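Trainee: Okay, here's the structure, questions in a sec.
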Amino acid sequence: QVQVVESGGGLVQAGGSLRLSCWASGPSFDTYAMGWFRQAPGKEREFVAAISSRSGRTYYGDSVKGRFTISRDNAENTVYLQMNSLKPEDTAVYYCAADAYGEIDAVETRRAAYDYWGLGTQVTVSS
């Protein structure tokens, strides 16, 4: 089993920036595709960004493309989500997830592909 822990959420004004961090346990972090998802009240959990385990290929949801950047530091078992130009509609609980059993260096956008999830961190963007 893999422990996943997010941090860095908070309250920011529209147009501001925030950086989320996600740490995952274990010696095999560099084989896990990592992803960020978000869920607003009453909404489906939405794909935000993902990064492959080795080459660092990235994919973004259309709603965040050009504003958010996902990155990872395999030496620190950590993935980041840099969020710029935040909008009120970005308000949600943000979840980090690890695909521990997928194809090495693949990028996953499907919720079902991820095996371990953090508890989430709240991001609130005021107008």
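The values are calculated or read from the model by the stated rules, or taken from the named source; none is laboratory data. Quick caveat, the model's predicted, so the values are computed rather than measured. Here the Cβ positions follow ideal geometry from the backbone for every residue, glycine too, while neighbour counts run over all protein chains shown. Only protein heavy atoms, including side chains, enter the accessible area calculation; ligands, DNA and RNA are left aside. Shrake-Rupley method; radii C 1.70, N 1.55, O 1.52, S 1.80 Å.
Trainee: Within segment 1-93, list the GluC sites (Glu not before Pro) lying in a DSSP loop whose Cβ has at most 12 other Cβ atoms in a 10 Å radius.
Mentor: Passing both the DSSP loop test and the Cβ count: 44.
Trainee: For segment 1-125, which whole percent of the accessible surface, found with a 1.4 angstrom probe, sits on carbon and sulfur atoms?
Mentor: Using a 1.4 Å probe with all protein chains present, segment 1-125 comes out at 46 percent carbon and sulfur.
Trainee: How high is the relative contact order of the chain, in percent, counting Cα pairs under 8 Å that sit 6 or more residues apart?
Mentor: Relative contact order of the chain: 36 percent.
Trainee: Over the chain, with the other protein chains present, what is the accessible area per residue in square angstrom, probe 1.4 angstrom?
Mentor: Ligands and nucleic acids excluded, the result is 49 Å² per residue.
Trainee: Shifting gears a bit: Using the crude model of +1 on Lys and Arg Cβ and -1 on Asp and Glu Cβ, and no other charge, please compute the dipole size for the chain relative to its Cα centre, in debye to 20.
Mentor: Its charge dipole is roughly 320 debye.
Trainee: When you count, for each residue, the other Cβ atoms within 10 Å and take the mean per peptide, how do 11-20, 96-105, 114-123 rank with the highest first?
Mentor: The peptides rank, most packed first, as 96-105, 114-123, 11-20.
Trainee: How much length is gained if the chain between residue 54 and residue 40 is pulled fully straight, taking 0.36 nm per residue apart and subtracting their Cα-Cα distance, in nm to one decimal?
Mentor: 2.0 nm
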